[in-house]
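Remarks on the structure that follows.
The values are calculated or read from the model by the stated rules, or taken from the named source; none is laboratory data. Treat the numbers as computed from the prediction; the structure is a model and nothing was measured. Methodologically, a virtual Cβ is constructed for each residue, glycine included, from the backbone with ideal geometry; neighbour enumeration extends over all protein chains shown.
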């Protein structure tokens, strides 16, 4: 019988027993050969060179007179399109360049403003601090108002924004205390509050358009005064949590809605019945007929009391 160990007469090697290598022949396994490792210095020059064709293409493209003319033509066309949009649709696009004005606040302003919103009966002066800027030839050209940190009657966007977030968080918190919280509640409450705000602003803007009210107020003034409604709504939400829904709660709704209506009627008067120095070249209030003036005051009352009362009830159901 053939044995890989040679002719040993059937005597196989036992495990752990030393065997002479000469018995099996000179059998060697091939060993892999590795090239010696050569350390490359860090400062060795990079042998890979980037192609220069791309840079030459771009340089030739921008230096080409035809390409320069095409770029200039595209720039002029873009500028003309922007001017057309601003002239035809600028009234519907709120400017964002003056948003910094509405966030110039202080801690004392926030406290006094909250007290003014909830208790407007104590305020005697509702006129805004204004500074007239001349055109250089002695004529009156424009009017600018003091920032909120210097004028308690100036609108701001900090209080509406923070009260909006506080309303959503408080409602979700109270729902969680009752065991009815779910993650979709944040989106539902945020969209509901935002829809009420947009509806409110839309009504006021349409009323100003139908009444042909020309004033120096901006779009963000309306957003600011409309957003102040979340302050009394938060108070009603807290009262609802502690006293429940009843005669006291509905009486609180009417009381806070009446206070907020007075605040809006006093504050939005300069938008509905602008003073004589707010519009250049016009006598404003003095030129408004008595019937038109009465109609504007009626609209301001309906918007400030009726519309806000309905929003209060809807957002506290």
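Overview of results
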quantity	calculated
Residue match in segment 135-148 (condition: touching a helix residue (DSSP H, G or I) at 6+ places or on another chain (Cβ under 8 Å), within 24 Å of residue 259 (Cβ to Cβ) and at pLDDT 90 or above)	yes
Verdict on residue 271 being modelled with pLDDT under 90, surrounded by 18 or more Cβ atoms within 10 Å (Cβ to Cβ), under 30 Å from the mean Cα position of the chain (by Cα) and assigned to a helix (DSSP H, G or I)	yes
Qualifying residue in segment 195-216 (condition: in contact with a strand residue (DSSP E or B) (Cβ under 9 Å, 6 or more places away or on another chain) and part of a loop (DSSP other than H, G, I, E, B))	yes
Matching residues, segment 153-175, being loosely packed, with under 15 Cβ neighbours inside 10 Å and under 14 Å from residue 237 (Cα atoms)	165, 169, 173, 175
Condition met for residue 234 (surrounded by fewer than 15 Cβ atoms within 10 Å (Cβ to Cβ), in contact (Cβ under 8 Å) with a residue 12 or more places away in the chain and over 14 Å from residue 304 (Cα atoms))	no
Verdict on residue 243 being touching a helix residue (DSSP H, G or I) at 6+ places or on another chain (Cβ under 8 Å) and either closer than 27 Å to residue 274 by Cβ or touching a residue at least 24 places away in the same chain (Cβ under 8 Å) (or both)	no
Contacts under 8 angstrom Cβ, first residue in segment 172-190 being assigned to a loop (DSSP other than H, G, I, E, B), partner surrounded by 10 or more Cβ atoms within 10 Å (Cβ to Cβ), 6 or more apart	181/172; 181/175
Residue 208 being surrounded by 14 or more Cβ atoms within 10 Å (Cβ to Cβ), within 30 Å of the chain's Cα centre (by Cα), more than 20 Å from residue 173 (Cβ to Cβ) and free of Cβ contacts under 8 Å to residues at least 40 places away in the same chain	no
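Quick grid of which residues meet (1) at pLDDT below 90; (2) part of a helix (DSSP H, G or I); (3) more than 32 Å from the chain's Cα centre (by Cα); (4) surrounded by 16 or more Cβ atoms within 10 Å (Cβ to Cβ):
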| site | (1), (2), (3), (4) |
| --- | --- |
| 242 | yes, yes, yes, no |
| 282 | yes, no, yes, no |
| 301 | no, yes, no, no |
| 310 | no, yes, no, no |
